[in-house]
Amino acid sequence: MADGPVDECVRTGVWMKLRCRIDRLGLGALRLLFGFDRWHASAPYSCRPYKELVVELANALQPSIAVEVGCGLGDIISRIKAADRFGIDSDHALFVQHAFCMAAAAFGFMTM
């Protein structure tokens, strides 16, 4: 039995669906501003449970260096607990977006 409406929302996944939609809207606005591919805005961390699993697996290895090829917006690499982290992607617009918005994430970003 749920303790209230908030517990019921969490239990049924309603909160997760709402969070996913909100994140997509935010990334959609960033996409319009920076011009990166639409696909990146449709796949935020909150909408892709596999991303959390990848982060957990990588962090369990306790890496000192982490490199992600095809990192997109950096959802995964920014959550890996490594002293040195590098994200590589072919979309130059992502590099511009990273420089503007993700400087606090403290990982290197390169385009090919």
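The values are calculated or read from the model by the stated rules, or taken from the named source; none is laboratory data. These figures come from a predicted structure and were not determined experimentally. Every residue, glycine among them, receives a Cβ derived from its backbone with ideal geometry; neighbour counts consider all protein chains shown.
Among the residues of region 47-58, is there at least one that is at pLDDT 90 or above, in contact with a Phe, Trp or Tyr (Cβ under 7 Å, 6 or more places away or on another chain), surrounded by 11 or more Cβ atoms within 10 Å (Cβ to Cβ) and of a type in the set (D, E, K, R)? Scanning region 47-58 turns up at least one residue that is at pLDDT 90 or above, in contact with a Phe, Trp or Tyr (Cβ under 7 Å, 6 or more places away or on another chain), surrounded by 11 or more Cβ atoms within 10 Å (Cβ to Cβ) and of a type in the set (D, E, K, R).
Residues in region 59-78 that are surrounded by 14 or more Cβ atoms within 10 Å (Cβ to Cβ) and either assigned to a helix (DSSP H, G or I) or not small (Gly, Ala, Ser) (or both): ASN59, PRO63, VAL67, GLU68, CYS71, LEU73, ASP75, ILE76, ILE77, SER78. Looking only at residues in region 25-46 that are within 14 Å of ASP91 (Cβ to Cβ) and in contact with an Asp or Glu (Cβ under 7 Å, 6 or more places away or on another chain), the one that is surrounded by the fewest Cβ atoms within 10 Å (Cβ to Cβ) is ASP37. If only residues of region 8-67 that are of a type in the set (Asp, Glu) and within 20 Å of GLN97 (Cβ to Cβ) are counted, the one that is nearest to the chain's Cα centre (by Cα) is ASP23. Taken over region 79-107, the residue count meeting the criterion of being at pLDDT 65 or above and not in a helix (DSSP H, G or I) is 12.
Pairs are defined by a Cβ separation below 7 Å, a sequence spacing of at least 6 or placement on different chains, a first member in region 86-103 that is within 13 Å of ILE76 (Cα to Cα), and a second member that is at pLDDT below 70 and not in a strand (DSSP E or B); the pairs so defined are PHE86/PHE107; GLY87/PHE107; ILE88/MET112.
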